[in-house]
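Visitor: I am attaching a structure below and will ask some questions about it afterwards.
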Amino acid sequence: MNPASTVAQPAAVQQDTRSPLIESATPPFSSAPSLLDVPNTLAPDRAETTTLPKGTVTFLFTDIEGSTRLWESERAAMRVALARHDAILRQSIGQHGGHVFKTGGDSFCAAFDSTADAAVAALSAQRALKAEPWPETARLLVRMALHTGVAEMRDADYFGPTLNKVARLMAVAHGGQTLLSDITHELCEDELPDNATLKPLGEFSLKDLAKREAIFQLSHPDLRDEFPPLRTAVVVPVDDTTPSIAVMPFVNMSQDKENEYFADGLSEELLNVLVKIRGLRVASRTSAFSFKGKDVDIPTLAQKLNVANILEGSVRRSGKRVRVTAQLINAAIDSHLWSETYDRDFDDIFAVQDDIAQTVVKELRRTLLKEAPAANENTQVKAEVAAAAKGRSQNAEAYQLYLRAQYFREQLTRDGAEQAIQSYLQAIALDPGYALAWAGLSRAYGDQAGQHWVSFADGFGRARAAAERAIAREPELAEAHAALGWVKRAFDWDWKGAEASFQRALELAPGSTLVMNAHANLLGTLGRLDEAIELSRKATALDPLNVPVHRNLALFCLGAGRWEEADAVLKKVLQMSPQGGLTRCWLGVLALGQERPEEALEQMHLEVNEIFRLVGLAIAHHAVGNWAESEAALAEFIDKHGRDSPYQVAEIYGACGDPDKMFDWLERTYAERDPGLSYLRMDPFIRDDVRDDPRWQAFLVKMALAG
């Protein structure tokens, strides 16, 4: 079974188990070693070590700016001020479930199970510190940093790269400023208190760290917001030279609510045209449509979708007449750049669509470049939009059937796929040259095969034929090349052909997250996980609310052993879709990789997808040592799903260290051409000792996956 084809659908408050508030007056620290140079020499706070978080932890480091100078010049005032500083920090950290595990002079190191709690604790501490009536000669400004990662422990103390990064992050901050790493920002951005925001500062190179880091500032009206440039960091400016836009689902104003599909389809078609225009960055359909029917203000929409402009509108149909209203809004100033209302016959819908697309492209470029339009601008933009709109029909009735088919296929249900196929076929009957309809039909047939609703051979055979017809009718249609790439990867196992198809699709639609996700899956199949991760990161930036795309990124990270990033991505997926399938299973894989089998078993019990719950339980019970329970879960899986998902049976045996049975089931999987085999090289379940078996390399050669 193919895990990428399954349908995807707040951190608990930490109980305060700390000791009561402790006030302390710490002696001068001017001659003590630097936290940044010797991060593990600070005195452990032994009262806290019995409850320290394990696994993935958010760390808060704090330090008083200019404390050495203050101790030298204002020793008496500093004694008083430091006692109050310590009390404020301990109280803020303790009230929000944190654990102080080290202190050193004026420096605090705390650990939190919850990223949101850590951010709230830092915010609470900064607000209290700012409001405190400090001695006039010893006004304290505290710099803070937050970073989330895997906690490595030794002798009831933390160590390792995660602590180094948070220390380096704090080193570039100013007094009164709180900085967050990119991972921490992603995990808490939707759980901040009212009026608190995360301000992007750009990408920086931190001392001794090879990879650049996107850094964010925790902001609040009660706190100072503007600071000098970060200390000793090399800034890499964020690219703000590309016009960006999100196309929101148009509102159906028709009396007939069944026209909902038409309003959705019109906005989706506009998005698909814009995504093919070079020089535009367009938020994906999945993320934009997640706000459908929700009352969200324009600045918030833009922030969550990572764009500067919003296109919204409405559609009203009555008989053969249609009214389309569209407006382009600059989110920064919440002001209209352009708006227009079109009252037309339905047969003119294509002219309306083209006019909207052309106007959007021109307005975005003018707004960003602030230049007068070129003399031939209209001709150039018209040609660009015409090229991007290739493959569509000029038959209004066929177009309507195509939009209906797209609506049903998005449901990814057995009935939805059947209705989509019928609508595509009706559209093609009216216009046999309708390349987009042929490409959509290919994807619907592929959905049927991938979900085991029809046989692999029948479903993918029809899918291949439909994709080839789409390309024959429009050789430069990105959707057609992507559809053919799916067939080549999932069923033909033609890896070179699939990559050529996906690369061609990306050339034609460079901003398509659908194609990026497909190509990333192929790269994972080929074992090129670093490339898959990079492409998936790009896709998640364009599609920040797309659960399957994020989940696939997590899978690639698991396959590459990048536990820290996998954990951050999976926690974000869990926030976006608490009941979605596969997420708990992948969290269980993460726990197994980090040698926490009991936690893995807990996660597998919570998995909502039955197939992967049984797979996970069989493997996790085996890891814990519950042999009978492991065998029972395996037997239940084979009884219920062994026929349709033989790859998962092989996967279980590979994870439980039984290579003979694994290779027996792999041969059965090969004979039945189960698409799950495309996950063989990146499968995080299969043990390293099984991969050392000579039969492993031989099977990879058989699959043309060796090397």
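The values are calculated or read from the model by the stated rules, or taken from the named source; none is laboratory data. Fair warning: this is a prediction, and the values are worked out from it, not measured in the lab. As a convention, Cβ positions derive from the backbone with ideal geometry for all residues, glycine included, and neighbour counts pool all protein chains shown. Surface accessibility is based on the protein's heavy atoms, side chains included, excluding ligands, DNA and RNA. Shrake-Rupley method; radii C 1.70, N 1.55, O 1.52, S 1.80 Å.
Visitor: For the stretch 446-477, which positions are open to solvent by 50 Å² or more (accessible area, probe 1.4 Å) and either among the acidic types (Asp, Glu) or part of a helix (DSSP H, G or I) (or both)?
Guide: Within the stretch 446-477, ALA457, ASP458, ARG462, ARG464, GLU468, ARG469, ALA472, ARG473, GLU476 qualify.
Visitor: Which residues, counting only those in the stretch 213-236, are open to solvent by 40 Å² or more (accessible area, probe 1.4 Å) and at pLDDT 80 or above?
Guide: PRO221, ASP222, ARG224, ASP225, GLU226
Visitor: As an exercise: evaluate THR325 against (1) under 25 Å from ALA541 (Cα atoms); (2) open to solvent by 30 Å² or more (accessible area, probe 1.4 Å) and give the number of the one condition it does not meet.
Guide: It is condition (1) that THR325 fails.
Visitor: Quick check on the stretch 331-341: of everything there that is at pLDDT 85 or above and of a type in the set (S, T, N, Q), which residue is farthest from THR359 (Cα to Cα)?
Guide: THR341
Visitor: Shifting gears a bit: Quick check: is even one residue across the stretch 673-681 acidic (Asp, Glu), touching a Ser or Thr at 6+ places or on another chain (Cβ under 9 Å) and outside any helix (DSSP H, G or I)?
Guide: Yes: one or more hits.
Visitor: Can you confirm whether GLY625 is over 21 Å from HIS185 (Cα atoms), among the small types (Gly, Ala, Ser) and in contact with a helix residue (DSSP H, G or I) (Cβ under 8 Å, 6 or more places away or on another chain)?
Guide: no
Visitor: Could you please let me know if ARG344 is modelled with pLDDT of 85 or more, open to solvent by 80 Å² or more (accessible area, probe 1.4 Å) and farther than 17 Å from PRO249 by Cα?
Guide: Answer is no for this residue.
Visitor: Residues in the stretch 398-410: is at least one small (Gly, Ala, Ser) and more than 28 Å from the chain's Cα centre (by Cα)?
Guide: Yes, that holds for at least one residue.
Visitor: What's the total number of residues in the stretch 82-106 that are open to solvent by 10 Å² or more (accessible area, probe 1.4 Å) and part of a helix (DSSP H, G or I)?
Guide: Of the residues in that region, 5 qualify.
Visitor: Also, quick follow-up: Run ALA374 past the list (1) outside any loop (DSSP other than H, G, I, E, B); (2) at pLDDT below 85 and report the number of the one that doesn't hold.
Guide: Among (1) outside any loop (DSSP other than H, G, I, E, B); (2) at pLDDT below 85, ALA374 violates only (1).
Visitor: Check GLU672, GLU636, GLU651, GLU629 and return the single one that is of a type outside the set (A, V, I, L, M), open to solvent by 30 Å² or more (accessible area, probe 1.4 Å) and under 25 Å from TRP696 (Cα atoms).
Guide: From the options GLU672, GLU636, GLU651, GLU629, the qualifying one is GLU672.
Visitor: I would also like to ask the following. Tell me the residue from LEU305, LEU328, LEU311, LEU369 that is modelled with pLDDT under 85, within 32 Å of the chain's Cα centre (by Cα) and closer than 24 Å to LYS276 by Cα, please.
Guide: Only one candidate passes the filter, namely LEU369.
Visitor: A follow-up question, please. Tell me which of these PRO597 doesn't satisfy, since it passes every other one: (1) at pLDDT below 90; (2) open to solvent by 30 Å² or more (accessible area, probe 1.4 Å).
Guide: PRO597 satisfies all of (1) at pLDDT below 90; (2) open to solvent by 30 Å² or more (accessible area, probe 1.4 Å) except (1).
Visitor: Please verify whether ALA387 is part of a helix (DSSP H, G or I) and either among the basic types (Lys, Arg) or crowded, with 19+ Cβ neighbours inside 10 Å (or both), treating the condition exactly as stated.
Guide: no
Visitor: Does ILE428 satisfy the criteria of being under 24 Å from GLU468 (Cα atoms) and of a type in the set (Val, Ile, Thr)?
Guide: yes
Visitor: Another question, then. Can you pull out the strands (runs of 3 or more DSSP E) entirely within the stretch 111-212 that have at least 3 residues that are buried (at least 23 other Cβ atoms within 10 Å of the Cβ)?
Guide: Fully inside the stretch 111-212 and qualifying: 142-153, 178-180.
Visitor: Here's a follow-up. Being more than 29 Å from the chain's Cα centre (by Cα), aliphatic (A, V, I, L, M) and crowded, with 16+ Cβ neighbours inside 10 Å is the filter here, so list the residues in the stretch 49-81 that pass it.
Guide: Selection gives ILE64, LEU70, ALA77, MET78, ALA81.
Visitor: OK, next. Scan the helices (runs of 4 or more DSSP H) fully inside the stretch 501-571 and keep the ones with 3 or more residues being open to solvent by 30 Å² or more (accessible area, probe 1.4 Å).
Guide: 529-542
Visitor: While we're looking at this one, here's another question. Pick out the one residue from SER455, SER423 that is within 30 Å of ILE611 (Cβ to Cβ), hydroxyl-bearing (Ser, Thr, Tyr), modelled with pLDDT under 95 and more than 27 Å from the chain's Cα centre (by Cα).
Guide: SER455
Visitor: Is it the case, given these coordinates, that ALA480 is in contact with an Asp or Glu (Cβ under 7 Å, 6 or more places away or on another chain) and either surrounded by 24 or more Cβ atoms within 10 Å (Cβ to Cβ) or not in a helix (DSSP H, G or I) (or both)?
Guide: yes
Visitor: Restricting the search to the stretch 415-440, which residues are more than 19 Å from ALA389 (Cβ to Cβ) and either touching an Asp or Glu at 6+ places or on another chain (Cβ under 6 Å) or crowded, with 24+ Cβ neighbours inside 10 Å (or both)?
Guide: Selection gives ALA417, ALA420, SER423.
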